[in-house]
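Peer 1: This is the structure I have questions about; it appears just below.
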Amino acid sequence: MCLVSGIRYTTYRTVNGQRRLTGSADIVAINYSYGETGLPSWGNQADVSAYRLWGDGKKAFIGGKASKGGSCKQHESKFPTKKLAPVNYWKLGESFFETTITRHGAKGRCTNKWALRFTNPSYPPAKSSIKMNEFRCDRATLGRNDIGCVIPWYASPLIYSKSRAPQLASHVTRAQNSGLPGASFKHPLHRTTDEARRKRNRDLACPDGETRPPGKTCDEYPVATSQEGLASGGKRRTFPGCSIPNVPSRTGLKGASACMIHKADQDYQGGKNNAFYRSERMLEGDPFRVLIEN
């Protein structure tokens, strides 16, 4: 994950009581972090490049140092001081971190910050900083015993194959097109691990006693393992060909849809969901999207 920001460095001199601009540098700063869901450690880079230099800004140097906050320790930090000039020339800082989370069921976050220092002959030093708060590490993911780290606010995609489960894909597509959330970053779904809430989502969207055609089961969307299921409010909806009589085809962000689909599609969905939650280390409240691919 990366954060792109801008920094302006300026130099001034006071002559006869008047403060006069003598130079400037316009800089792109990239704070870039990389990890893996099965590792307790990750790397971070600070990349800076001046794209415009003027006057004494051309004489400036930049260096930096990383620091951490939260449930982690820092192994290394280096950002050697280098001249900003020439333009469009990248200077690199690099640091490495490791979570201090070890016990079963534990989770914790770690922030990282780069303190940047500008130096220039005949001018006082100047400071700036770039900060990210993106990693959460845990040993609490169901089905995993390892320690790993993720970017918790990123809505990872849960992808269903249209060719593998066509009736499931059709239902999800129609449900999202009717306004139900889950297809976009603006309106993602959020995982729930509360079994009582998951059961309530299923019971409301696909009540017992409703006739199931031979070889088919009732599928609900948003998925019952999301906080946006029917237990969160709204009304039930369905679509033509879903074999659910007396339920209208509503629209809107709230509610849930139901459709009778092949049992094989439903079994495929269950396996995909469980594997996705494990691989992405999805905990309670984590956002995710549901996408369809060919």
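Peer 1: Just to be sure I understand the filter: pairs with C-beta atoms under 7 Å, separated by 6 or more residues or on different chains, first member in region 245-267 and in contact (Cβ under 8 Å) with a residue 12 or more places away in the chain, second member part of a loop (DSSP other than H, G, I, E, B) and charged (D, E, K, R). Which pairs pass?
Peer 2: R250/K235; G255/K235; M260/R212
Peer 1: A follow-up question, please. I'm trying to understand the selection: among the residues of region 98-152, which are more than 22 Å from the chain's Cα centre (by Cα) and of a type in the set (A, V, I, L, M, F, W, C)?
Peer 2: A115, L116, F118, A126
Peer 1: For region 48-76, name all the residues that are surrounded by fewer than 20 Cβ atoms within 10 Å (Cβ to Cβ) and under 21 Å from N133 (Cβ atoms).
Peer 2: K65, S67, K68, G69, G70, S71, K73, Q74, H75, E76
Peer 1: Considering only residues of region 209-231 that are over 19 Å from I261 (Cβ atoms) and in contact with a Gly (Cβ under 9 Å, 6 or more places away or on another chain), which is surrounded by the fewest Cβ atoms within 10 Å (Cβ to Cβ)?
Peer 2: Within region 209-231, the match that is surrounded by the fewest Cβ atoms within 10 Å (Cβ to Cβ) is Q227.
Peer 1: Can you tell me how many residues within region 215-244 are free of Cβ contacts under 8 Å to residues at least 24 places away in the same chain, farther than 15 Å from S170 by Cα and in contact with a strand residue (DSSP E or B) (Cβ under 8 Å, 6 or more places away or on another chain)?
Peer 2: Qualifying residue count, region 215-244: 1.
Peer 1: If you go through region 193-215 one residue at a time, do you hit one that is in contact with a Ser or Thr (Cβ under 7 Å, 6 or more places away or on another chain) and under 22 Å from G233 (Cβ atoms)? Lay out the reasoning, then the answer.
Peer 2: Step one: of region 193-215, the residues in contact with a Ser or Thr (Cβ under 7 Å, 6 or more places away or on another chain) are 198, 213.
Now restrict to residues that are under 22 Å from G233 (Cβ atoms): 198.
Yes, region 193-215 contains a residue that is in contact with a Ser or Thr (Cβ under 7 Å, 6 or more places away or on another chain) and under 22 Å from G233 (Cβ atoms).
Matching residues to (1) outside the structural domain of L283 (by TED's automatic domain parsing); (2) among the aromatic types (F, W, Y); (3) closer than 30 Å to G241 by Cβ; (4) touching a strand residue (DSSP E or B) at 6+ places or on another chain (Cβ under 7 Å):
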{"position": "W114", "(1), (2), (3), (4)": "yes, yes, no, yes"}
{"position": "S122", "(1), (2), (3), (4)": "yes, no, no, no"}
{"position": "S128", "(1), (2), (3), (4)": "yes, no, no, yes"}
{"position": "F135", "(1), (2), (3), (4)": "yes, yes, no, yes"}
{"position": "N145", "(1), (2), (3), (4)": "yes, no, no, no"}
{"position": "T192", "(1), (2), (3), (4)": "no, no, yes, yes"}
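Peer 1: So A126 passes all but one of these: (1) surrounded by fewer than 18 Cβ atoms within 10 Å (Cβ to Cβ); (2) in contact (Cβ under 8 Å) with a residue 60 or more places away in the chain; (3) closer than 23 Å to I151 by Cβ. Which condition number does it fail?
Peer 2: Evaluating A126 over (1) surrounded by fewer than 18 Cβ atoms within 10 Å (Cβ to Cβ); (2) in contact (Cβ under 8 Å) with a residue 60 or more places away in the chain; (3) closer than 23 Å to I151 by Cβ leaves (3) as the failure.
Peer 1: Scan region 232-249 residue by residue and report those that are at pLDDT below 95 and crowded, with 17+ Cβ neighbours inside 10 Å.
Peer 2: Correct list: empty.
The values are calculated or read from the model by the stated rules, or taken from the named source; none is laboratory data. Everything numeric in this text was worked out from a predicted model, so none of it was measured. Virtual Cβ from ideal backbone geometry, glycine too; neighbours counted across all protein chains shown.
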